[in-house]
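Colleague: Shown below is the structure under consideration.
A short reminder: the numbers here are calculations on the coordinates, not readings from a lab. Remember, predicted model here, so these are calculated numbers, not experimental data. Positions of Cβ are backbone-derived with ideal geometry, glycine not excepted, and every protein chain shown enters the neighbour counts.
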Amino acid sequence: MTALLLLTGLCLAQPPASDGDVTVRKTKTHAVKNSQKNATAPVSAEDIKQLKELIQAQQAQIDQLKQLITQRDQQTQQAQQTASDAQKTAVAAREKAAATEIVVANTSAKVENVQADVTDLKTTAANAAVTAQEDQKRIGVVEALSNRFRFSGDVRARYENFFQEGTQDRERFRFRLRFGVDGKLSEDFIGGFALASGSQSDPTTTNQTLSDSTNSPDFMRKPINIDRAYVTWKPSAFRWFSATAGKFAYPWVRTTQVFDSDLNPEGFSETIVHKFANPTLKELNLTATQLVLATVDSGKLNTPNTDSWAYGVQLGGKLQIGQYWSMTPTYSFMNFIRPDIAVFGSNGAGYSSTLVGTNGTAIGSNYGFAPNGMTNCVNTSKAYGNQIGTGFCSQYQYSDLIINNVVKTGIAKLPLNVLFEWEKNLRADSSLTRDGKKHDSLYHIEASLGQLKNKGDIQFGYSYSHTEQDAIIASYAESDQFKPTNVEQNRIFFIWQLRKNTSLGYTEWIGRYLSPSLAGVAKNPYMKRGQLDLVYSF
């Protein structure tokens, strides 16, 4: 192949000859042939030179041909490599295409499923939108109600024991349940109600004894009663004024020695409040009350005006004395009209209790209600119109001064609270000669350290009360102390706020008769009453 190519290159390298050149060449060729035949002709330097030039020209053409062949070999190899790569790519493409076809098929099935799911989702979303709108309306109603109404209440579990010299020890388990709703009825009116456990025959307690052998033995259901039901008018144009009607919580400041905490009065109340920017005098308030104690058919007594009422007024204020001391003084005046009608009833009969006569001796039972016994002086021959029945020896008109003080101790969780109270019955019977006294006054002092606002708060304290026989009406006094009146009572208490809405507390009541002779007893030992309470509030 190389020789052939060289010959081809030589032929191609020869320049085309003209006619003269052809003739000369033929002549030379002929001469050469003749000289070869005859003898060897001498070679000249010019011939050698031409031959070298011819060889160089042919060598250059050969180099060019080699370069072309090399380039073509490289191109051929590249073409073969490209073809091989293309073949591999084609194979891979076919494999990918086959896999893609499978994926597409699967995807198509999935798309169909997704389309079906989307259709279902659209339907579900449409239904959910309708439901959401309805739920939103319900939520709006609930929010409106929650903004307008406030729910509150508590559950209390209590263990209680009694110890007194000369009497049998006693213990019992009790519970209390209370639930209330207060709300804004309109721009100017507020209303609410509350339900509470307890007996209907005892308005001074909401406690219910577990398996009480008298009232609810052997897991009997416990009663729930209406504890409050009221409406308050507070005109938007006169925010300083409010009026309440119904059965409501106490609108005036009082202590449990005079009015038990579980007792909710019935009737009407009006309050005026004025606040000041003065650094010392912060507020003045005035509260008037008209209470309905009992309404009685006058025909039973054959006399008019047999209803029992009470009306009163209280003036109070708030003072800031310096940086650490705040004071809340109040003075109350309350007059009771025919209270014996409310307590003893029109026929002289009432709830079971022990009565004390003018001579200081027990005169029997079933004459009137009071927590832990009727300890007021009682007249069993009192005239009711043209009838004779049981009633109080004295009439009742309260004059009550209360001063409550809060002192900051420098420890935020341990404020000091000190309360003083002096109450006097202005209508006690002055003709009575019991011990040469009228027995018309009440003294009470209470001191505590701490508060009950947040988790971990504690409060402990002590109180002492001195309540003479006719200082107050026994039917409305504190039901947990030894006796309602004619009593000296000590109370020691401790409360621990376990959670924001849960507390654990213990109270020890230590009391005895103030005047044993008025009670008709010879011995006068202290009654010790312990109460362990767990309270959950909401």
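Colleague: Along the Cα→Cβ direction, 7 angstrom out, place labels at Ala157 and Tyr462. What is the inter-label distance in nm?
Modeller: In this crude label model, Ala157 to Tyr462 measures out at 3.2 nm.
Colleague: Under the classification rounded if a/c is under 1.5, otherwise prolate if a/b is larger than b/c and oblate if not, where does region 399-533 fall, given a ≥ b ≥ c as square roots of the Cα gyration tensor eigenvalues?
Modeller: prolate
Colleague: Could you please report the charge total around Asp182, scoring K, R as +1 and D, E as -1 over all other residues with beta-carbon less than 12 angstrom from its beta-carbon?
Modeller: +4
Colleague: Would you kindly state how much longer the chain becomes between Asn501 and Ser261 on full extension, computed as 0.36 nm times their sequence separation minus their alpha carbon distance, in nm to one decimal?
Modeller: Stretched out fully, the Asn501 to Ser261 stretch lengthens by 84.4 nm.
Colleague: With r as the distance between the Cβ atoms of Ser186 and Ala288 and R0 = 25 Å, compute the FRET efficiency 1/(1 + (r/R0)^6) and round to 0.05.
Modeller: 0.55
Colleague: Let me ask another. Could you compute the net charge surrounding Ile55? Neighbours are other residues with a C-beta less than 13 Å from the C-beta of Ile55; K and R count +1, D and E count -1.
Modeller: Residues near Ile55 contribute -1 overall.
Colleague: I would also like to ask the following. Compute the length gained on full extension between Ile388 and Asn454: take 0.36 nm times their separation in residues and subtract their Cα-Cα distance, giving the result in nm to one decimal.
Modeller: Net length gain for the segment: 18.1 nm.
Colleague: At 7 Å along the Cα-to-beta-carbon direction for both Ser517 and Gln78, put a label point, then send me their distance in nm to one decimal.
Modeller: 14.0 nm
Colleague: Same structure, new question: Tally Lys and Arg at +1 and Asp and Glu at -1 over the other residues with C-beta under 15 Å from the C-beta of Gln395: what net charge comes out?
Modeller: +1
Colleague: Label-point separation (nm) for Leu426 and Tyr311, each offset 7 Å from Cα along Cα-to-Cβ?
Modeller: Simple spin-label model gives 1.4 nm for this pair.
Colleague: Given a Förster distance of 25 Å, report the FRET efficiency between Ile69 and Thr89 from their Cβ-Cβ distance, rounded to the nearest 0.05.
Modeller: 0.25
Colleague: Assuming R0 = 56 Å, can you tell me the calculated FRET efficiency for the pair Trp240 and Ala126, based on Cβ-Cβ distance, to the nearest 0.05?
Modeller: Efficiency, rounded to the nearest 0.05: 0.55.
Colleague: Taking a quarter of the surface of the convex hull around the Cα atoms of region 250-537, what do you get in nm²?
Modeller: 16.7 nm²
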